1. Which residue, Lys207, Lys381, Lys52, tops the fluctuation ranking in a GNM of the chain built on C-alpha contacts under 10 Å?
2. Please identify, among Pro293, Pro62, Pro158, the residue showing maximal mean-square fluctuation in a Gaussian network model of the chain using a 10 angstrom Cα cutoff.
3. Pull out the extension gain between Ala138 and Ala84, defined as 0.36 nm times the separation in residues minus the alpha carbon to alpha carbon distance; nm, one decimal.
4. Does anything in region 92-119 have its amide N under 17 Å from the 7 Å Cα→Cβ label point of Ala167, and if so which residues?
5. Over all directions, average the projected area of the Cα convex hull of the chain and note it in nm².
6. If contacts are Cα pairs under 8 angstrom and at least 6 residues apart, what is the relative contact order of region 105-244 in percent?
7. Where the Cα atoms of region 97-154 are projected onto their three principal axes, how long is each span, largest first, in whole Å?
8. What are the equivalent ellipsoid semi-axes of region 9-105, built from the alpha-carbon gyration tensor (square roots of five times its eigenvalues), in whole angstrom, biggest first?
Amino acid sequence: MLTWRIVKLGPNARFSTICLHAGQVPDPATGAIITPIYQTSTYVQEALGRHKGYEYARTQNPTRAALEANLAAIESGKAAFAFASGMAAINAVATSLRSGDHVVVSDNVYGGTFRLFDKILSRYDLSFTYVDTADLGAVDRAFMPSTRMLFVETPSNPVMRLTDLAATASLAHRRGARLVVDNTFASPVIQRPIEFGADLVIHSTTKYLNGHSDSVGGAVIATRDEDIEWLGFVQNAAGAILSPFDSWLVLRGTKTLPLRMAEHSANGLALARFLEGHPNVKTVYYPGLPSHPQHDLAARQMRGFGGMLAFDLGSLEAARRVLNGVRLIALAESLGGVETLISHPATMTHASVPAHRRAALGITDGLVRISAGIEDLDDLKEDVSQALDQIP
Ligand SMILES: Cc1ncc(COP(=O)(O)O)c(C=O)c1O
C-alpha cells in the first residue's frame, strides 16, 4: 500500500491525465517509462535492518504499489489495496466486521457476493438484510442498532437498478455505519462514489479497469485512516494479493479507461435504443433510456451510462434463440472487456441465487444481459438483429 503520491501531476490535473500517470514514476533503476513487472518473492537487504522499504513480496511489491496509488487517485480515495479477485476484495472489506454485526445489502447484488454473505460469512455470527436500496425508506427500516455497513451495488446486476449514493451515504453516516459501494459496473469514469460520501469502494478489476478480458483481480479504495490501516494489515495477514503481472495488466488498462468507457457507453446507449424499438423485445433495462424509472438519478450521479444493459424476451426459448444465434458477440460470463459479451443471468451469473429471489428481482428466464464492447456499432446491431430474427 502506498497513499497516492502526486509525482508528475499538478494539483489541477484532469481525470484522463490522472488515469494515465497517477502512481507512476520512471523506473528508478533504468528510467523505463512503464512500471516494470517486479516478479520477485523477496528483496535483498543491504545490512541487518537496512532495506529499501521492500522486504517480502506478499507485504510489498512495487508494481502492485503503483497500481494501488493509481486506483486511489482515480476513485478520489486516500489509499487502495489490490486483491487476487473482486471476491477477495469484498471478503477483505467484510473482515472489518465483528461477530454480532449486521449489514444492509442491495437485494440484487452480484450472485457471488450474495453467496459469500449467505453461505460463508453468516457462519461467523454476521447477519445480512437484503433490501431494494433504491427505496430509501426500506433501507432506513432495515437498519438495526448492530448495523455497521450498508453494502450497495449501483447500477445493479443485471436489471440496472440505481441507488442514490448521496442519500444512502448520509443515511449510513447518521446511523453510524459505513457506506460500501461496488463500483464495478459503472467504473470510476462514469461514477465516483467517494465524491458522494461513500467510505469504501470495491472493484472487480477483472472488468472495466483491466478491460481486456485477460486478468482476474479486485481492489478496495478507502478514505478513512482506520480502514486503511486495517485493510493493509488484512492484505498482508490473509494474503489474497494481486500478482505483479496482473497488477501490471490493470495498470496498463487504466491508461485507456476514459477512452474505452466513452465507446462502451456510446455502444450501450445505441444498442439499448435499438432493442427498445424492436418488436421481439418486451423490456429494456438501461439507465440512459428516458424510459428507465431512475433516469433522472442516473443523469445526476453518472457521467454517461456505461456499457451494461439487459432486456427481457419473454421466455426461455426466445432467450435461447438469441443467445445461441449471435455470431460476432460471444456467449460468456463476465463483462467490461473490449469485446461484446452476451449472457443469461438466470442460468449463468445468478444461478446460485434461489429461484424465488430471482423472480422477485426481475431476473426472469427470458432476461438476457449484454456487456457492450467497443466494436463498430453497425456490426453489433447487425449481429443482434439477425439473432432476434431467429425468434419465431
Ligand atoms: C459487480 C461485481 N462485483 C464483484 C464481482 C466479483 O469479481 P471477481 O469475479 O473478480 O471475483 C463481479 C464478478 O462478476 C461483479 O460483477
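Readers should treat all values here as calculations from the given coordinates under stated rules, not as data from a laboratory. Here the structure is a predicted model, which means the values were calculated and not measured. Note that each Cβ is placed from the backbone with ideal geometry, even for glycine, and that neighbours are counted across all protein chains shown.
1. Between Lys207, Lys381, Lys52, it is Lys52 that shows the largest mean-square fluctuation.
2. Pro293
3. Here the answer is 16.1 nm.
4. Only 105-108 pass the distance filter.
5. Mean shadow area of the hull around the Cα atoms is 19.8 nm².
6. In percent, rounded to a whole number, it is 16.
7. 28, 27, 11
8. 28, 23, 11
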